[in-house]
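Trainee: One structure, pasted below without further comment.
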Amino acid sequence: MMTKEKKNWINSLAAQLQVSAMQMPLLKAMPKLELHAHLNGCVRTSTLLDLAVGENSKEKISNTDLESLIRKEDRSLTECFRLFPVIHALTTDHAVVTRITREAIEDFLLDNVVYLELRTTPKCNDLYGMSKRSYVEAVFAGFEAAGVMYKTDCDVQDGHRMHVRLLLSIDRRENAEAAMNTVQLAWDMRDRGVAGVDLSGDPAIGNWETFLPALTLAKELGVPLTLHCGEVSNPKEVREMLALQPRRLGHVCCLEEAEWRALLDSGIPVEICLTSNVRTESVSSMRDHHFAALYNAKHPVVLCTDDPGLFSTSLTLEFAIAATCFGLTNLELLIMGKSAINYTFADDKTKLILHGIFDDALQ
Ligand SMILES: CNc1ncnc2c1ncn2[C@@H]1O[C@H](COP(=O)(O)O)[C@@H](O)[C@H]1O
Ligand SMILES: [Zn+2]
């Protein structure tokens, strides 16, 4: 269910974007892949408020924090990383993790997302008897509750159009051992719906060297990797990330000339998060977004939301922005989506099903 606030924001943005009333339903109806969405960045504001004031609230949350949850205009990178702990303080127990997973999937389903790679940082919390493994189990319970297909051996079933996979995130605040545990967990749960590992978190903290052993292990095991890259300027880290040759990269906003050329040469697909990058000021304006340069260079790209709850966006809206700011037609957006099937961490059988869905839409 979309909150009133989100609906108003989307409508006003659509008006500003001059997307015709006819085009929004067409963009919404288009099959879409979402490859970069953080679970706790997808939480509905209504759910956060419910958790904050309801019986479920087990942690103290100040009025100021509550206010900043509701006020959605200011979302600089610093502000985002001030807000995540507030959200995390509300999404602590297994039942809540299951709820927010189910709700996130319901929201993507409404947006006609046919394949979702949802990512989240497995968390331990002794207070709630939560281990990284039981956290992931709670996410799976959300997949079950939403009735989606998420295991690699799933057959196509009537009425089940959405395929979901889970990526386990390493948070840059974590130490080398915690990062290693996450990779091990991803490997252990590879047949149960975990399709890869992500490195995310506040780009201003943490050293790349801390995560390298875990990320190298993932590569050795054949666990697909995606890395948040260049959200802030850090040429050395960007070079080292490119050298690791992950399967995908997220953002790549602040690249110097040499790193930009290395990215283009690498052919590594980029998860593009338009609204997120402008809101967090990693990119100065939509029209200056590097999406245009990558798209024109025929570099593999996929449009994503990052944190649709936090940024009050949706994949349909991101498509509308690409249509308006960069002149992409519906056909070009569909073709871009179909190409991205090859960048997913899904098994071949699922990729084939997705190609079928896009081929139908292209006819
Ligand atoms: C805005 N740009 C961003 N850059 C880097 N990391 C981000 C992010 N947005 C979200 N996250 C990462 O995702 C976590 C929340 O979801 P989960 O608790 O894992 O489900 C954040 O704590 C952060 O580590
Ligand atoms: Zn992200």
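The values are calculated or read from the model by the stated rules, or taken from the named source; none is laboratory data. Predicted, not measured: the structure shown is a model, and the values here were computed from it. Neighbour counts run over all protein chains shown; Cβ positions are idealised from the backbone, glycine included. Just so you know, the surface numbers come from the protein's heavy atoms only, side chains and all, with ligands and any DNA or RNA stripped out. Shrake-Rupley method; radii C 1.70, N 1.55, O 1.52, S 1.80 Å.
Trainee: Can you tell me which residue among Ser76, Ser62, Ser68 is modelled with pLDDT of 65 or more, over 24 Å from Gly327 (Cα atoms) and open to solvent by less than 10 Å² (accessible area, probe 1.4 Å)?
Mentor: The match here is Ser68.
Trainee: Assess whether Phe358 counts as being open to solvent by less than 50 Å² (accessible area, probe 1.4 Å) and part of a helix (DSSP H, G or I).
Mentor: Yes, satisfied.
Trainee: Of the residues in the range 197-232, how many are more than 18 Å from Glu281 (Cβ to Cβ), more than 15 Å from the chain's Cα centre (by Cα) and either within 12 Å of ligand 1 (Cβ to nearest atom) or of a type in the set (Ser, Thr, Tyr) (or both)?
Mentor: So the answer is 3.
Trainee: Is it true that Leu317 is on the phi < 0 side of the Ramachandran plot, open to solvent by 10 Å² or more (accessible area, probe 1.4 Å) and part of a helix (DSSP H, G or I)?
Mentor: When the stated conditions are applied, Leu317 does not pass them.
Trainee: Please indicate, with yes or no, whether at least one residue in the range 119-135 is assigned to a strand (DSSP E or B) and within 17 Å of Asp306 (Cβ to Cβ).
Mentor: yes
Trainee: Here is a follow-up. Mind listing just one residue for me: the one in the range 284-295 that is open to solvent by 10 Å² or more (accessible area, probe 1.4 Å) and part of a loop (DSSP other than H, G, I, E, B) and, of those, nearest to Leu33 (Cα to Cα)?
Mentor: That would be His290.
Trainee: Kindly indicate the residue of the range 242-277 that is among the charged types (D, E, K, R) and surrounded by 24 or more Cβ atoms within 10 Å (Cβ to Cβ) and also nearest to ligand 2 (Cβ to nearest atom) among those meeting that condition.
Mentor: The selected residue is Glu271.
Trainee: Also, quick follow-up: Among Asp171, Asp202, which is the only one that is open to solvent by less than 30 Å² (accessible area, probe 1.4 Å), charged (D, E, K, R) and under 30 Å from Glu79 (Cα atoms)?
Mentor: Exactly one of Asp171, Asp202 is open to solvent by less than 30 Å² (accessible area, probe 1.4 Å), charged (D, E, K, R) and under 30 Å from Glu79 (Cα atoms), namely Asp171.
Trainee: Could you check how many residues of the range 23-47 are without any contact (Cβ under 8 Å) to a residue 60 or more places away in the chain and buried (at least 20 other Cβ atoms within 10 Å of the Cβ)?
Mentor: Within the range 23-47, residues that are without any contact (Cβ under 8 Å) to a residue 60 or more places away in the chain and buried (at least 20 other Cβ atoms within 10 Å of the Cβ) number 1.
Trainee: Oh, and also: Does Thr305 satisfy the criteria of being modelled with pLDDT of 95 or more, surrounded by 15 or more Cβ atoms within 10 Å (Cβ to Cβ) and of a type in the set (Ser, Thr, Tyr)?
Mentor: Spelling it out, Thr305 is indeed modelled with pLDDT of 95 or more, surrounded by 15 or more Cβ atoms within 10 Å (Cβ to Cβ) and of a type in the set (Ser, Thr, Tyr).
Trainee: Which condition breaks for Val148 when tested against (1) within 24 Å of Leu199 (Cα to Cα); (2) of a type in the set (Val, Ile, Thr); (3) touching a residue at least 40 places away in the same chain (Cβ under 8 Å)?
Mentor: Every condition holds for Val148 apart from (1).
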